[in-house]
Every structure is written in C-alpha cells, then in structure tokens.
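Have a look at the structure below, then the notes.
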Amino acid sequence: MNIHTYEKIWLIGALALIVGFIATVTYGAAGAGVAMVDETGGTIDANAVTDDEDFGEPRVEQVGENEYDVYVIAQQFIFRPDTIVVPANSTVTFHITSIDVIHGFQVVGTNVNTMVVPGQVAEITVEFDEPKEYGILCNEYCGSGHHDMEGKLNVVPEDEYEGESE
Ligand code: CUA
C-alpha cells in the first residue's frame, strides 16, 4: 500500500497530538505531587457526624513518624478546626466531610482542592516540605456566609511543632 507523503505527515502529527494530550492529562492527575480524591474516603451518615469516632472531635492526629491524619468538618460557615497546625516534612491526609450542605475545601497555593459533600468523606494526601502559612477557602456557594468561610493551615518548623491542634 502506498501512502502519500503528506498523508504520512498528517498521520504522524495526529498521533503526536494524541500522545501529547494523554501525557498532559496523566501529568495533571498523577505527576503534580498531590494525590487525587478517591473512593477510600467512603461514606458517613451526615446526620451523625458529631457522633463519629473520628469526626466527633475534628483534629490533627499523628499516625506515623512523619504522618498525620486531619479530620475536618465543613459547615455553614466555618471549618472545624479553623486553624490546622502540622509540622514541615510531613505527609498529611485530610479527611473532610460536611454536616449540612455542599462546601469546598481548597488549600490556597496547593493542588488540595475538593468538593465536600454531606454523607461523603473527601480524602486527600499531600506532602508539606517547607514551613508556610496557607489559607483555606470554601469555593462552593453554600449560603449567605459563603464568602466568610475560611480557615488556616500552618505548616510550622518541625522543632516548633507542639502536638495536636484543635
Ligand atoms: Cu462553605 Cu461556601
């Protein structure tokens, strides 16, 4: 079979584009250093969140040498805890759920950004290498106080970390 030269060029160009698109999507999903929300977060009874073993006391919990679990409740119009403190050089898994309506949970300046849906637990794992202060925003419209719904994440130097925050 004889393929015309111009047709070959177009075929190669089209293939290169397809490979390029797949590479871009793959990098966005897996290569940027932040794990995506997955199904491991599971579900929760939105009416009984405060009775839950973990979410009954929103907090930072050390679960390994440099590993922390953070349980966050989003509600109109606050995050609990409203200031999260973790040490630098740590791997932090956020578990976030809502007790009322759909909220957002975005750590500004990072790829941590998820919807927070009542009845579901959003789970995001991220590594923090450097001390830094981050703002946390709700970016789903959740009512009259939506624009005031914010929190803080303080990544402090390891030797200044004093344990669990509330
Ligand atoms: Cu919560 Cu917007």
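Which of the following residues is of a type outside the set (Lys, Arg), farther than 20 Å from residue 142 by Cβ and over 9 Å from the mean Cα position of the chain (by Cα): 66, 111?
When all the criteria are applied, what remains is 66.
Among (1) at pLDDT below 85; (2) not in a helix (DSSP H, G or I), where does residue 74 come up short?
Only one criterion is unmet by residue 74, namely (1).
Quick check: is even one residue across the range 72-82 without any contact (Cβ under 8 Å) to a residue 40 or more places away in the chain, assigned by TED's automatic domain parsing to the domain that holds residue 138 and open to solvent by 40 Å² or more (accessible area, probe 1.4 Å)?
Yes, the range 72-82 has at least one match.
So which residues in the range 62-71 are in a strand (DSSP E or B) and open to solvent by 70 Å² or more (accessible area, probe 1.4 Å)?
Correct list: 62, 63, 67.
The values are calculated or read from the model by the stated rules, or taken from the named source; none is laboratory data. Bear in mind that the values here come from a model prediction, so they are computed numbers and not experimental data. Virtual Cβ from ideal backbone geometry, glycine too; neighbours counted across all protein chains shown. Please note that ligands, DNA and RNA were not included when accessible areas were found on the heavy atoms of the full protein model with its side chains. Shrake-Rupley method; radii C 1.70, N 1.55, O 1.52, S 1.80 Å.
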